[in-house]
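**Student:** Sharing a structure below in structure tokens format, with a few things to ask.
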Amino acid sequence: MDRPIDADYRNRKLIKRVSIGFTGAVLLFVLLAWAPRWVRPSLAKSRIRTAVVDVGAVEATITSSGTVVPEFEQVLSSPIDSRILKILKRPGSQLKRGDAIMELDVSQATLELNKLNQQLAIKQNQQAQRKLELENTLLKLQSLLGIKRLDLKSFQLQLTQQRKLWDARLTSEGQLRHAEVQEETAQTELKQLEEEIVNAGRATQSQLDGLVLEIKTLEQERDEAQRQLDLATTRADRDGVLTWVVTEEGSSVHKGEVIARTADLSSFRVEAKISDVHAGRLSVNLPVKIKVDEEFLEGSISSILPTIKDGIMTLLVALEQKSSKLLRANLRVDVYIVTDHKDRALRIKRGPFANSEGDHEVFVIRGDMAVKVPVRLGIASFENFEVVKGLIQGDEVIISDMTDYLRMKEIKLD
């Protein structure tokens, strides 16, 4: 027969169950409250790079690459169609102004020069002959002019006598008229002879002027032929180094074909390549910094070439220290073109944490925590970003790549 459970026993069981449930609830609450802290990510300080926000100058720069090239380069081309007789210098040879580099076959050029000299001599002879002919013609005409003047004077005297006799009724009217006709005829012939002398002089002078032009043209052709002949032994125009020369003696070269290159390796400039998207921000005389072996050289844009190929434009940079020992031909360098400058601005060193101007989220160190903060960055140089908003002077910022932590608001630092 069943007996009722003791009341004390039931109370103890109830109290035990309530205690177990309360304890479980407390443990669950504590777990929910502290679990996020227990699983919060941490980061070792040794794995990150930091920088402190300070105040100083910031320059907006465009970064590109460049090549060091000689400031002065000369391309020597063949002045004539010829054949290489002898190569006198080899690449790498030091050159002095006037040093011969090679000899070309000049037999054809010499023949052409001799022909021009002969043609010039013929024209000069024709000029001398025409001058002599003019002098003879003018001499004969002048002699004839003197005779005509004497004839006119004689006819004028006869006319004067006939008029006196006519007034005294000692001659006939026919004789008077005959004297008048002779005088008029002599005057006409004298005038015609004077005009003939003038016309003869003009005609002969015109012929002489034509000969002068022909002689001048031949002289210019002769001088050019002589110049090309002088250039046939290719010579350096200035001190430098022979960087390239044709290699085969006996080979034919055409007029204008490149046969040698020289360079002055005592001074250099930089040839930079940059995307044409920056074209609107570039202009001649913008300051430029060239990074060579962790050192910087100052310069400026001397010219912007108009040709754009595959979206790339070329700039020529003139250096202040164009003879620096850091420079050598064909050296690859980093080029920083300064497009803006601020003397005093909040700034933070550049790093992988941001790659451009604009809005970003960065981690600022607060004690043993790194807290994510929205910031706005302004102009960027090759060393610093300008801080426009979000940070103050003295803030320590993680500048390492934090891409893997951007979803976190805080990171514990170990």
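The values are calculated or read from the model by the stated rules, or taken from the named source; none is laboratory data. As the structure is a prediction and not an experimental result, all values here were calculated from the model. For neighbour counting, all protein chains shown are included, and Cβ atoms are generated from backbone atoms with ideal geometry for every residue, glycine included.
**Student:** Six or more apart or on different chains, Cβ under 6 Å: which pairs go from a residue in region 160-187 that's over 22 Å from Lys148 (Cβ atoms) to one that's among the aliphatic types (A, V, I, L, M) and part of a helix (DSSP H, G or I)? Could you list them?
**Tutor:** Short answer, once both residue conditions are applied: Trp166/Leu176; Thr171/Leu165.
**Student:** If Ile301 passes every condition in (1) part of a strand (DSSP E or B); (2) under 20 Å from the mean Cα position of the chain (by Cα); (3) free of Cβ contacts under 8 Å to residues at least 24 places away in the same chain but one, which one does it miss?
**Tutor:** So the condition that Ile301 fails would be (3).
**Student:** Considering only residues that are aliphatic (A, V, I, L, M), over 32 Å from the mean Cα position of the chain (by Cα) and either surrounded by fewer than 17 Cβ atoms within 10 Å (Cβ to Cβ) or at positive phi (or both), which ones fall in region 325-370?
**Tutor:** Within region 325-370, Met369 is the sole residue that qualifies.
**Student:** Could we say that Lys255 is in contact with a Ser or Thr (Cβ under 9 Å, 6 or more places away or on another chain) and modelled with pLDDT of 75 or more here?
**Tutor:** So Lys255 fits the description; yes.
**Student:** Would you confirm, using the coordinates I've provided, whether Leu316 is of a type in the set (A, V, I, L, M, F, W, C) and assigned to a loop (DSSP other than H, G, I, E, B)?
**Tutor:** For Leu316, the condition - of a type in the set (A, V, I, L, M, F, W, C) and assigned to a loop (DSSP other than H, G, I, E, B) - is not met.
**Student:** In the list Thr247, Thr262, which residue meets the criterion of being within 30 Å of Leu331 (Cα to Cα) and loosely packed, with under 12 Cβ neighbours inside 10 Å?
**Tutor:** Thr247 is the lone residue from the list that is within 30 Å of Leu331 (Cα to Cα) and loosely packed, with under 12 Cβ neighbours inside 10 Å.
**Student:** Related question: How do the strands (runs of 3 or more DSSP E) wholly within region 352-414 filter down when requiring 1 or more residues that are farther than 23 Å from Lys45 by Cα and in contact (Cβ under 8 Å) with a residue 24 or more places away in the chain: which remain?
**Tutor:** 369-380, 384-389
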